Structure formats: C-alpha cells, structure tokens
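One structure below.
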Ligand code: SAM
Ligand code: SF4
C-alpha cells in the first residue's frame with residue numbers, strides 16, 4: 001500500500017520550490033500526498049526563519065502533534081528548511097518526538113533518511129556547515145543546490161514554475177538570517193538552467209520565474225565568458241513553449257542598464273520588477289547595511305521607469321528597525337508616496353539571533369509603534385495601489401490564465417450576477433453571444449466550456465479575475481478591464497475566435 005505524506009510549507013518561493021522537489025523525490029519512493037497530518041505516515045514541515053512569527057507557527061504545529069505521535073509512534077515527523085538549519089538540536093529539545101531535522105542544503109537526503117527511519121528509529125540531524133566552520137569552498141559544498149525532478153502537481157498551476165538560478169546570499173544585511181541558513185551565494189551553470197526550462201516547457205509549462213535571493217547578482221563564468229542575468233534571459237527566451245519569464249528578488253545596487261534593456265527588448269520578459277527598498281531613511285539603510293542610499297534607490301527607480309515605461313515595481317519595507325525614529329519613518333512614507341509601487345510587502349522588524357543587527361543594536365522600537373507604522377504604511381500603499389489600478393480600467397491586457405479564482409475554487413461560482421455571457425465579449429463578428437436570440441442559454445453541466453471565474457496575471461504581474469470557460473486555463477487571452485480593487489483587476493475576455501463551446505438552447509422560463 002502507498003505510504004502517505006503530509007507536507008506543510010511556510011515562507012518564500014524558494015521554500016515552495018524546495019517542497020515541490022522533496023515531494024517529487026518521495027513520490028518516486030512510493031509516497032502519495034494526503035491533506036491532513038492525521039492520514040499521514042510521514043509529516044514534514046518545510047520551515048522559514050526570516051521572522052519569529054514563522055518559527056512560532058511551526059513550534060505550535062509541532063506541539064499539536066505531540067499527542068498524535070504518542071498514539072501513533074510509527075508516524076515520522078520531520079522539520080526541513082531554514083528553521084532546521086538555524087535551530088538544529090534545539091528542535092529536538094523543544095519537540096523530542098521529532099525524528100528528522102534537515103537543513104535546506106541537505107534536502108536531497110530526505111528520501112534516504114525516511115527509508116532509514118522506517119528500519120531503525122533514532123533522531124536524525126542533517127544540516128550544512130556553519131558559515132564560519134570551514135573554508136568558503138567547504139561551506140559551499142555543504143549547501144548543495146537541490147534541483148532534481150519537478151512535480152507539477154505541487155505547483156499552484158502546472159503552467160507556471162519556479163526555477164532556481166542561484167542559492168544563498170553574501171549581502172549580509174544586518175537584520176537578515178538568510179545568509180546564515182541558506183549559505184554562500186552560488187550561481188547555477190546556464191546550461192543546467194536552460195535544460196530545466198526546456199523540460200518544463202515540454203511538460204506544458206508556459207511561465208517560468210527565476211529565483212535567487214539577489215537574482216540580478218547572477219553571474220557564472222564559462223571559459224572566457226561571464227553569464228549575467230541579462231544573458232540568461234536572452235538564452236531562455238529562445239525556449240519554445242515558454243511565453244513568459246520573470247525573476248525575483250532584485251537587489252537595488254545590481255539593477256544594471258543591460259538588464260533593464262533586456263527586460264524592455266525581450267518580448268517574453270515580464271515588465272515586473274520586485275526591488276525591495278526596506279527603508280526611506282539613509283540612517284536606517286546604513287544600519288541595515290543595505291549598501292545604497294535612498295538617493296541611489298531613487299536614481300535606480302527612475303532608470304527603470306525611463307527604460308521600461310509602465311513597468312510594475314514592487315518593494316519590501318521593514319518598519320521599526322533598531323533606532324528608527326518618527327523622522328526616519330516619515331522618510332519611508334515619503335519614498336512610498338512618490339514611488340508608486342504596484343504593491344509593497346511591509347514587515348515589522350523581528351530580531352533574529354545570529355544576525356549582526358541582533359548583536360549590535362537594541363530592538364528599541366516598541367511593538368505598539370511598529371504596529372502603528374506598519375498600518376500607516378500599508379494604508380498609504382493601498383491607496384496608491386487602488387488609484388493606479390483604477391487608472392487601468394478600460395484598458396485591455398494579455399493574461400496568462402492560471403486556473404480557477406479562489407472564489408470559484410471554493411465553489412462560489414461567478415462574480416457576475418447577470419448574464420454569464422457578459423464575460424465573453426467579441427471584437428469580431430464571430431461572437432456566440434446569446435443576445436441575438438430570445439432563447440435562454442443553458443450551458444452543458446460541468447464541461448470544459450462552462451463559464452467559471454478564472455484568474456491569471458498580466459505581463460506586469462497584475463492579478464486579473466474574469467469569467468471564461470475552463471478550457472482557457474493555461475492559455476494567453478486578452479482581457480478588457482471593467483473594474484479594479486487595490487490588488488485585483490476585474491475583466492472580460494475579449495474573444496477573437498469563438499472556440500468550440502457548445503451551448504444547449506432551451507425555451508426561456510416565463
Ligand atoms: N532576498 C530578498 C531581498 O534581498 O530583498 C528577500 C529576503 S527575505 C526572505 C524577504 C523580506 O523579508 C526582506 O526583503 C525583508 O523585507 C524581510 N525581512 C528579512 N529579515 C527580516 C527581519 N529580521 N524582520 C522583519 N522582516 C525581515
Ligand atoms: Fe537577506 Fe539582504 Fe541577502 Fe536579501 S540581500 S537575502 S535581505 S541578506
């Protein structure tokens with residue numbers, strides 16, 4: 001009988017990708033996924049340690065399993081990822097029933113470790129070297145890039161995939177635990193990345209997001225040639241079947257002109273750039289050791305806007321970092337007000353043991369002040385996002401259809417209350433619009449032609465929701481926008497071809 005696997009993932013896109021790869025490897029070993037820990041033989045948590053809150057969530061989830069493990073001692077409980085690398089033995093101390101602790105650089109070992117645990121139970125700890133524990137190359141080797149099989153079922157959509165082009169980080173921002181838990185910065189060879197993208201395209205994937213902590217710092221030397229991100233984008237643009245290329249996360253100082261020109265000139269590159277600013281105050285940026293001033297960030301932003309008009313730029317901000325005054329925060333508000341980011345991810349500073357920030361500076365901004373600043377900045381960003389989204393009403397965008405909207409997935413159906421056919425309007429004479437007949441339209445039940453509320457993204461990464469037949473999932477369609485919220489565009493599919501939808505005609509109900 002198939003062994004059952006439950007996996008829960010916290011954190012960033014890197015973690016989602018890691019989980020996809022772990023599941024793919026375990027499927028080969030005969031595991032199938034289940035949706036609750038209760039049904040599982042192996043329960044894995046792929047964890048994050050960027051903020052305390054993410055760790056607390058995992059420790060409470062583990063706490064809830066204590067009783068289950070006592071009743072079903074055969075269940076294997078494992079903690080994977082960044083918190084595993086950071087806390088190591090501490091996890092066994094806090095949750096002694098955990099069987100397995102595996103850092104992000106050792107995930108390739110998970111299938112073998114599970115096999116061994118089935119034979120003999122003894123807690124297993126597999127982590128990479130601490131950054132100070134050996135030579136750079138020894139530490140690098142202990143963080144293996146894990147990029148084996150792909151598992152389309154673990155992705156939010158089979159038409160989109162993450163592809164890792166780098167691991168680790170060498171920037172050492174003083175607040176950040178990533179360089180410690182994900183190890184030294186290492187770029188992957190371009191031919192390996194291309195081979196993975198080709199495989200994904202063969203499987204039907206249409207959009208690839210390249211991942212790296214500072215993705216625009218990518219560089220790999222092959223003979224005399226240094227490959228940068230701009231070169232890689234050019235190479236991947238030639239892969240047939242892939243329609244869109246995105247990349248996250250960018251480091252402001254490495255946003256070079258050649259990269260911006262590549263994004264502008266390569267038709268498959270999404271006009272979307274996530275470039276975290278973190279703060280609008282030079283004093284704070286310096287304490288964060290971000291390596292740029294707010295003037296340099298502004299200059300970079302104006303180069304983006306000058307080179308790629310209409311590009312959507314998004315950012316991250318930390319509020320309440322050590323020593324942040326009201327004046328510092330006012331400068332962050334000013335930067336957000338003038339920069340018109342598509343959206344910003346805003347975080348309250350969370351001190352991370354093991355970082356320079358935690359060692360050197362006091363976490364002296366009271367929680368209450370952090371919360372207030374967080375809310376103020378969020379309110380300002382939402383206002384801007386709403387205004388800028390409203391300005392798009394009436395325009396038409398190409399959208400890659402990802403799947404059912406959240407509402408449709410929950411079974412709530414359409415957002416249109418009147419005439420589902422409104423969702424399919426025509427710009428040609430080939431419309432199948434029912435408006436020309438006084439017969440009521442009754443679509444056939446549960447087939448690919450039924451109108452559902454679907455979701456997708458524009459070239460600028462704007463989430464768009466519209467009614468359309470299911471068979472459009474995975475396709476690029478034109479959507480005309482009729483309304484907008486701060487985060488979602490509402491639209492109607494513009495059909496140039498009516499497609500094979502079959503409608504049943506029935507007499508109108510009187
Ligand atoms: N590599 C990316 C970068 O350089 O922006 C992102 C790394 S981190 C996973 C994502 C975001 O978490 C950061 O941009 C930062 O805003 C936030 N973050 C990192 N450490 C934090 C901390 N100690 N407290 C609060 N937010 C933090
Ligand atoms: Fe963390 Fe800074 Fe590296 Fe981003 S660039 S992962 S914030 S150390």
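Can you name every residue in the range 233-258 that is in contact with a strand residue (DSSP E or B) (Cβ under 7 Å, 6 or more places away or on another chain) and either touching a residue at least 60 places away in the same chain (Cβ under 8 Å) or within 15 Å of ligand 1 (Cβ to nearest atom) (or both)? Result: 243, 244, 246, 247, 248, 249, 250.
The residues in the range 178-190 that are within 20 Å of residue 262 (Cβ to Cβ) and either out of contact with any strand residue (DSSP E or B) (no Cβ under 8 Å at 6 or more places or on another chain) or surrounded by 16 or more Cβ atoms within 10 Å (Cβ to Cβ) (or both) can be counted, and the count is 3.
For the range 446-471, a residue qualifies if it is more than 26 Å from residue 310 (Cα to Cα) and under 23 Å from the mean Cα position of the chain (by Cα), and exactly one does: 453. Which of the residues belonging to the range 174-220 are farther than 21 Å from residue 46 by Cα, in contact (Cβ under 8 Å) with a residue 60 or more places away in the chain and more than 10 Å from ligand 1 (Cβ to nearest atom)? Of everything in the range 174-220, those that are farther than 21 Å from residue 46 by Cα, in contact (Cβ under 8 Å) with a residue 60 or more places away in the chain and more than 10 Å from ligand 1 (Cβ to nearest atom) turn out to be 204, 206, 207.
When 178, 98, 127, 102 are screened for being within 30 Å of residue 205 (Cα to Cα), touching a helix residue (DSSP H, G or I) at 6+ places or on another chain (Cβ under 7 Å) and modelled with pLDDT of 90 or more, only 102 passes.
Answer with yes or no whether residue 171 is within 11 Å of ligand 2 (Cβ to nearest atom), more than 29 Å from residue 103 (Cα to Cα) and either out of contact with any strand residue (DSSP E or B) (no Cβ under 6 Å at 6 or more places or on another chain) or free of Cβ contacts under 8 Å to residues at least 40 places away in the same chain (or both).
Details: within 11 Å of ligand 2 (Cβ to nearest atom): yes; more than 29 Å from residue 103 (Cα to Cα): no; either out of contact with any strand residue (DSSP E or B) (no Cβ under 6 Å at 6 or more places or on another chain) or free of Cβ contacts under 8 Å to residues at least 40 places away in the same chain (or both): yes.
Considered against the rule, which asks whether it is within 11 Å of ligand 2 (Cβ to nearest atom), more than 29 Å from residue 103 (Cα to Cα) and either out of contact with any strand residue (DSSP E or B) (no Cβ under 6 Å at 6 or more places or on another chain) or free of Cβ contacts under 8 Å to residues at least 40 places away in the same chain (or both), residue 171 comes out as no.
What's the total number of residues in the range 333-345 that are part of a helix (DSSP H, G or I) and either within 16 Å of ligand 2 (Cβ to nearest atom) or over 26 Å from residue 463 (Cα atoms) (or both)? Give the derivation first.
Just the residues of the range 333-345 that are part of a helix (DSSP H, G or I), to begin with: 333-339.
From the residues that got through so far, the ones that are either within 16 Å of ligand 2 (Cβ to nearest atom) or over 26 Å from residue 463 (Cα atoms) (or both) too are 334.
Here the count works out to 1.
Using the structure shown, decide if residue 79 is out of contact with any strand residue (DSSP E or B) (no Cβ under 6 Å at 6 or more places or on another chain) and crowded, with 22+ Cβ neighbours inside 10 Å. When the stated conditions are applied, residue 79 does not pass them. Just one of the listed residues (211, 229) is at pLDDT 95 or above, buried (at least 19 other Cβ atoms within 10 Å of the Cβ) and under 19 Å from residue 267 (Cα atoms), and it is 229.
Residue-level check: of (1) surrounded by 19 or more Cβ atoms within 10 Å (Cβ to Cβ); (2) over 23 Å from residue 160 (Cα atoms), residue 57 misses just (1). Being surrounded by fewer than 21 Cβ atoms within 10 Å (Cβ to Cβ) and part of a strand (DSSP E or B) holds for only one residue in 116, 32, and it is 32. Summed over the range 347-369, residues that are farther than 14 Å from residue 319 by Cβ, within 13 Å of ligand 2 (Cβ to nearest atom) and part of a loop (DSSP other than H, G, I, E, B) total 3.
Are there any strands (runs of 3 or more DSSP E) wholly within the range 429-510 with 2 or more residues that are modelled with pLDDT of 50 or more, and if so which? Talk me through it step by step, then tell me what you get.
Numbers: elements: 440-442, 451-458, 463-469, 476-484, 488-495, 504-506.
Ranges flagged: 451-458, 463-469, 476-484, 488-495.
For residue 377, indicate whether it is crowded, with 17+ Cβ neighbours inside 10 Å, more than 16 Å from ligand 1 (Cβ to nearest atom) and in contact (Cβ under 8 Å) with a residue 24 or more places away in the chain. Let's see the steps before the verdict.
Working: crowded, with 17+ Cβ neighbours inside 10 Å: yes; more than 16 Å from ligand 1 (Cβ to nearest atom): no; in contact (Cβ under 8 Å) with a residue 24 or more places away in the chain: yes.
The answer is no for residue 377.
For the range 310-330: of the residues being surrounded by fewer than 17 Cβ atoms within 10 Å (Cβ to Cβ) and more than 9 Å from ligand 1 (Cβ to nearest atom), which is farthest from residue 132 (Cα to Cα)? Only one residue tops the list, namely 310.
For the range 58-76, what are the residues that are out of contact with any strand residue (DSSP E or B) (no Cβ under 9 Å at 6 or more places or on another chain) and either assigned to a helix (DSSP H, G or I) or in contact (Cβ under 8 Å) with a residue 60 or more places away in the chain (or both)? Lay out the reasoning, then the answer.
Narrowing the range 58-76 to residues out of contact with any strand residue (DSSP E or B) (no Cβ under 9 Å at 6 or more places or on another chain): 59-60, 63-64, 66-67, 70-74.
Passing the criteria: 59, 60, 63, 64, 66, 67, 70, 71.
Of all residues in the range 258-277, count the ones that are more than 28 Å from residue 475 (Cβ to Cβ), in contact with a helix residue (DSSP H, G or I) (Cβ under 6 Å, 6 or more places away or on another chain) and not in a loop (DSSP other than H, G, I, E, B).
So the count comes out to 3.
Every residue, every condition in (1) over 28 Å from residue 177 (Cβ atoms); (2) within 13 Å of ligand 1 (Cβ to nearest atom); (3) surrounded by fewer than 18 Cβ atoms within 10 Å (Cβ to Cβ); (4) at pLDDT below 95, yes or no:
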{"site": "283", "(1), (2), (3), (4)": "no, no, yes, no"}
{"site": "302", "(1), (2), (3), (4)": "yes, no, yes, no"}
{"site": "334", "(1), (2), (3), (4)": "yes, no, yes, no"}
{"site": "352", "(1), (2), (3), (4)": "no, yes, no, no"}
{"site": "364", "(1), (2), (3), (4)": "no, no, yes, no"}
{"site": "370", "(1), (2), (3), (4)": "no, yes, no, no"}
{"site": "383", "(1), (2), (3), (4)": "yes, no, yes, no"}
{"site": "388", "(1), (2), (3), (4)": "yes, no, yes, no"}
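Could you list all residues from the range 84-111 that are part of a helix (DSSP H, G or I) and without any contact (Cβ under 8 Å) to a residue 60 or more places away in the chain? Give the derivation first.
Initially, the range 84-111 is screened for residues part of a helix (DSSP H, G or I), giving 84-87, 89-94, 104-111.
Hits for the range 84-111 are 84, 87, 89, 90, 91, 92, 93, 94, 106, 109.
The values are calculated or read from the model by the stated rules, or taken from the named source; none is laboratory data. All of these numbers come straight from a predicted model, not from anything done at the bench. We place every Cβ from the backbone using ideal geometry, glycine too, and count neighbours over all the protein chains shown.
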